[in-house]
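The values are calculated or read from the model by the stated rules, or taken from the named source; none is laboratory data. It should be emphasised that the depicted structure is a prediction, and the values quoted were computed from it without experimental measurement. Every residue, glycine as well, gets a Cβ built from its backbone with ideal geometry; the counts of neighbours run over all protein chains shown.
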């Protein structure tokens with residue numbers, strides 16, 4: 001038994017970049033070879049990709065955390081570490097990617113649509129990258145950068161040509177089974193359908209329509225009652241919405257009230273969806289003692305601009321007319337459900353915004369008496385990727401601090417010699433070094 005799941009929350013993390021290598025060329029007749037430590041490979045990234053072979057987010061409820069492969073370490077002789085393998089998470093077409101606050105980031109509708117949700121960490125530079133005219137034998141290398149990590153929410157809105165809407169027990173599932181190759185659970189009690197069922201209506205060799213049987217609506221569904229609010233979203237993308245009514249009661253006014261309940265709930269959810277509800281199906285006509293009510297309904301619906309088709313899912317009566325009406329209503333251009341036919345790439349990693357933030361001055365927060373937190377992406381990245389116990393790295397870091405005038409900013413916030421300054425995961429004692437010339441060197445250390 002397959003379960004339909006249309007919402008999932010997962011944690012994604014890019015792989016860590018590989019560490020750079022410290023190495024020197026050592027060959028016969030080359031007694032003083034220069035540095036040749038290679039860079040580390042980049043960490044793998046995490047992508048979400050739309051696949052036409054999936055219809056539920058069920059698999060993402062079994063595994064919640066996803067992490068791409070780490071990059072390989074650099075080696076001597078200038079060998080770069082291998083890049084980490086990207087991780088591609090397949091989801092059904094129609095999946096919406098949101099951040100953990102519910103803000104929509106990407107809509108994966110077309111097969112092959114792909115969203116980058118967690119970029120892999122940059123590989124650390126080997127000591128060959130630090131060679132310069134004044135630093136000919138550097139003995140430092142960078143650690144690989146951490147990959148991006150975040151929680152994201154996935155919400156599936158199924159893609160169908162036709163959506164069947166109606167009150168519980170109106171016979172939508174029976175109608176779907178009679179028209180298509182679907183095999184939904186069918187029973188004579190309300191809320192038999194607890195999840196959307198999909199069927200394919202094949203007409204000839206070329207025409208195929210995807211038909212969705214949506215769970216029954218009740219009065220107040222647009223306000224969250226019953227199952228309606230959760231599944232009304234699946235009707236948003238359908239090209240045609242068909243309202244199914246149970247006419248076996250034979251009471252014209254009661255049937256009309258059922259019709260208005262569903263229309264009112266759809267209107268309250270999204271009024272523009274009513275424009276796609278131009279067809280009404282009267283199901284279970286085989287249970288009517290007489291058919292005059294069908295003629296009365298047809299005239300009444302015609303007065304409000306709607307087409308009425310009487311059917312019986314049990315006997316097959318009226319199904320040919322219903323299929324003909326559906327083909328007429330869905331005869332628009334292919335791909336109209338998606339609005340586009342070519343796959344699209346969505347970069348949700350925020351890399352461009354992060355680069356702009358690195359051009360901004362550092363931000364300082366006072367955490368307590370004598371404790372200051374400095375926030376800046378480049379400074380935090382340097383601390384995470386370099387061993388500050390090495391004099392060379394510490395000298396490079398001091399030049400970067402001077403370039404960003406961190407000491408002046410801290411002084412404006414009241415920092416005094418001996419106070420603690422926290423950058424990333426490392427605490428420093430604040431001892432301003434005015435003797436170092438502001439802006440001296442450091443361009444090679446600011447590489448991003």
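Being touching a strand residue (DSSP E or B) at 6+ places or on another chain (Cβ under 9 Å), modelled with pLDDT of 85 or more and either more than 21 Å from residue 197 (Cα to Cα) or surrounded by 22 or more Cβ atoms within 10 Å (Cβ to Cβ) (or both) is the filter here, so list the residues in segment 223-255 that pass it.
Residues satisfying the conditions are 241, 242, 243, 244, 245, 247, 248, 255.
Please count how many residues of segment 68-104 are more than 15 Å from residue 143 (Cα to Cα), in a loop (DSSP other than H, G, I, E, B) and modelled with pLDDT under 95.
Within segment 68-104, residues that are more than 15 Å from residue 143 (Cα to Cα), in a loop (DSSP other than H, G, I, E, B) and modelled with pLDDT under 95 number 10.
Against the condition closer than 30 Å to residue 342 by Cβ, in contact (Cβ under 8 Å) with a residue 24 or more places away in the chain and in the same structural domain as residue 14 (by TED's automatic domain parsing), how does residue 104 come out, does it pass?
No: the conditions fail for residue 104.
Which of the residues spanning segment 256-273 are without any contact (Cβ under 8 Å) to a residue 40 or more places away in the chain, in contact with a strand residue (DSSP E or B) (Cβ under 9 Å, 6 or more places away or on another chain) and under 19 Å from residue 300 (Cβ atoms)?
Result: 259, 263.
Can you find a residue in segment 422-429 that is over 25 Å from residue 40 (Cα atoms), assigned to a loop (DSSP other than H, G, I, E, B) and at pLDDT 85 or above?
no
Checking the structure you have, find out if any residue of segment 48-57 is exposed (fewer than 15 other Cβ atoms within 10 Å of the Cβ), touching a strand residue (DSSP E or B) at 6+ places or on another chain (Cβ under 9 Å) and assigned to a strand (DSSP E or B).
no
What number of residues in segment 315-347 are in a loop (DSSP other than H, G, I, E, B) and either in contact with a strand residue (DSSP E or B) (Cβ under 9 Å, 6 or more places away or on another chain) or modelled with pLDDT under 80 (or both)?
Counting residues in segment 315-347 that are in a loop (DSSP other than H, G, I, E, B) and either in contact with a strand residue (DSSP E or B) (Cβ under 9 Å, 6 or more places away or on another chain) or modelled with pLDDT under 80 (or both) gives 17.
Condition first: in contact (Cβ under 8 Å) with a residue 40 or more places away in the chain and surrounded by 19 or more Cβ atoms within 10 Å (Cβ to Cβ). Now tell me which residues in segment 274-288 satisfy that.
Result: 277, 279, 281, 283, 284.
Given the criterion modelled with pLDDT of 90 or more and either farther than 23 Å from residue 139 by Cβ or in contact with a strand residue (DSSP E or B) (Cβ under 7 Å, 6 or more places away or on another chain) (or both), identify the matching residue among 365, 354.
One residue alone meets the criteria, 365.
Given 117, 140, 134, 162, which one is touching a helix residue (DSSP H, G or I) at 6+ places or on another chain (Cβ under 9 Å) and either farther than 30 Å from residue 312 by Cα or surrounded by fewer than 22 Cβ atoms within 10 Å (Cβ to Cβ) (or both)?
140
For residue 173, all conditions in the list (1) in a loop (DSSP other than H, G, I, E, B); (2) in contact with a strand residue (DSSP E or B) (Cβ under 6 Å, 6 or more places away or on another chain); (3) not assigned by TED's automatic domain parsing to the domain that holds residue 55 hold save one; what is the number of the exception?
Looking at each condition in turn, residue 173 falls short on (1).
Residue 107 versus (1) modelled with pLDDT of 95 or more; (2) not in a loop (DSSP other than H, G, I, E, B): which is the lone unmet condition?
Only one criterion is unmet by residue 107, namely (1).
Confirm whether residue 128 is at pLDDT 85 or above, part of a helix (DSSP H, G or I) and not assigned by TED's automatic domain parsing to the domain that holds residue 397.
Yes.
For segment 289-301, how many residues are without any contact (Cβ under 8 Å) to a residue 24 or more places away in the chain and under 13 Å from residue 256 (Cα atoms)?
Summing the residues that are without any contact (Cβ under 8 Å) to a residue 24 or more places away in the chain and under 13 Å from residue 256 (Cα atoms) in segment 289-301 gives 3.
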